[in-house]
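Rule-based calculations on the coordinates, nothing more; no lab input. Since the structure is predicted, the reported quantities are computational estimates derived from the model, not experimental observations. Neighbour counts run over all protein chains shown; Cβ positions are idealised from the backbone, glycine included.
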Amino acid sequence: MRVVEVIAYGGPEVLRMARRPEPEAGDVPGRVRVSMKAAGVNQADLRIRAGRYADAVGALKPPFILGTDFAGKLLDPVPGMAAGTRVAGFVPWYQELTGEGTYTEVLRVAPDWIAPMPDDLEFTVAASLPLAAATAQQGLGRIALPAGATLLVTGGSAVVGRLAIQYAHAAGMRVVAVAHEGDESELRVLGADHVVTRGAPEDVVAKVLAGDPDRVDAVFDGALVGDALLPVLKDGGVFLALAPDRVPTAERDIRVETIRATPDAVALRESLQKVADGELITRVADVLPLAEAAEAHRRAEAGHRPGRIILMI
Ligand SMILES: NC(=O)c1ccc[n+]([C@@H]2O[C@H](COP(=O)([O-])OP(=O)(O)OC[C@H]3O[C@@H](n4cnc5c(N)ncnc54)[C@H](OP(=O)(O)O)[C@@H]3O)[C@@H](O)[C@H]2O)c1
């Protein structure tokens, strides 16, 4: 089968097409195979490829296969799902550390990573959701704000941020979002009550405090700003960090939480249905063939593109 390997740590050029033997049914106990249709390109993929997370990946060395998000068709049955069922999910890449990610034609998955896709959902759209939805939902779970409390979401224009805005709004929170210029009206439709444009951290802090002089109850730091945002938080507030190297030092009884999302098939099934029903909005920026993974990484790294970049397989 065709895969894209990271052949050494480096720039997008280290992503190379290669051939590996196709997994066979039952060759790894407890795993089933998915014939891949779409894979998401996540920010973590870029950092792992560049060698920035070499410590976190431990003994795993190139060549390995990147990729967490997937959508495709089951090749093997699982309880409640026949072979051929369209499914989506994400590989908990850091927990597994097998280096067998989603940039491949056939992927081995655990049954509890996957949820069936509604009939009318496209593979590309489904593959944009799993990791981001789990991060937004589990992150909000860690924050545990009551309805009516005020949440600041940085990176509100990005994939995780957009979902965090929607889930927080649905849970009755008042949402302040930090967004790219021009995204204000869209993010209001998604559920943001107040939108400030992104900029230097001190400018963002000033804009948030201008609208909320009593400060906010919690921060969902989707843009990985870190310490510089603490002045927007009330004493005893909650700060959720999305990356281990962007965890602020707690002060004023602020509770600092971190998250590494884990698969939750039940929650994913609900979110996929909501996307199909138009109740939850996710965004695809670009769709490229698997063979153009290096170009996909170049585009993701260049930024300035809202939505998930998807590899079509
Ligand atoms: N802890 C976990 O389990 C976990 C899981 C998933 C993600 N994360 C982290 O959470 C962060 C956010 O992830 P993500 O998937 O939401 O990021 P993303 O959407 O893939 O990336 C954000 C990118 O989109 C661009 N962008 C967003 N909105 C835009 C707009 N309206 N116009 C132009 N460009 C726009 C940004 O460009 P600019 O560079 O120009 O701003 C940035 O490069 C990442 O750092 C990721 O690593 C953590």
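Some observations on this one:
- Per the Kirkwood formula applied to alpha carbons, the chain shows a radius of gyration over Rh ratio, Rg over Rh, of 0.98.
- Based on Cα contacts under 8 Å between residues 6+ apart, the range 132-258 shows a relative contact order of 23 percent.
- Cβ crowding within 10 Å averaged over residues, with 36-43, 72-79, 2-9, 142-149 ranked highest first: 36-43, 2-9, 72-79, 142-149
- Protection-proxy order for peptides 14-22, 130-138, each taking the mean of Cβ atoms within 10 Å per residue, highest first: 130-138, 14-22
- Counting neighbouring Cβ atoms within 10 Å and putting the fewest first, the residues ARG308, ARG47 line up as ARG47, ARG308.
- Burial ordering of ILE259, ILE309, fewest other beta-carbon atoms within 10 Å first: ILE259, ILE309
- Net charge dipole, the range 16-75: roughly 200 debye, given to the nearest 20, about the Cα centre with Cβ charges of +1 for Lys and Arg and -1 for Asp and Glu.
- Trypsin sites (Lys or Arg not before Pro) within the range 230-290: DSSP coil, no more than 11 neighbouring Cβ in 10 Å: ARG252
- Mean separation of Cα contacts under 8 Å, 6 or more apart, over the residue count of the range 230-313: relative contact order %: 21
- One Cα centroid belongs to the range 1-61, the other to the range 91-151; the line between them spans 17 Å.
- Normalised per residue, the volume of the convex hull around the Cα set of the range 82-126 (Å³): 91
- Remark: TYR167, TYR94 ranked as TYR94, TYR167, counting other beta-carbon atoms within 10 Å and listing the fewest first.
- Kirkwood-based Rg to Rh ratio, the range 132-258, C-alpha trace: 0.91
- Bridge type composition, the chain - antiparallel percent by DSSP, nearest 5: 50
- Think of the range 69-122 as a dipole: +1 on every Lys or Arg Cβ, -1 on every Asp or Glu Cβ, centred on the Cα centre; then among TYR103, GLY80, PRO118, GLY80 lies furthest on the positive end.
- The chain, relative contact order in percent, only Cα pairs under 8 angstrom and at least six apart counted: 19
- Taking Cα centre as origin and charging only the Cβ of basic (Lys, Arg, +1) and acidic (Asp, Glu, -1) residues, the dipole magnitude of the chain rounds to 500 debye.
- For the range 1-84, the spread of Cα positions along each principal axis, largest first, Å: 40, 24, 22
- GNM on the chain, alpha-carbon springs under 10 angstrom: the most fluctuating residue among GLY236, GLY58, GLY11 is GLY58.
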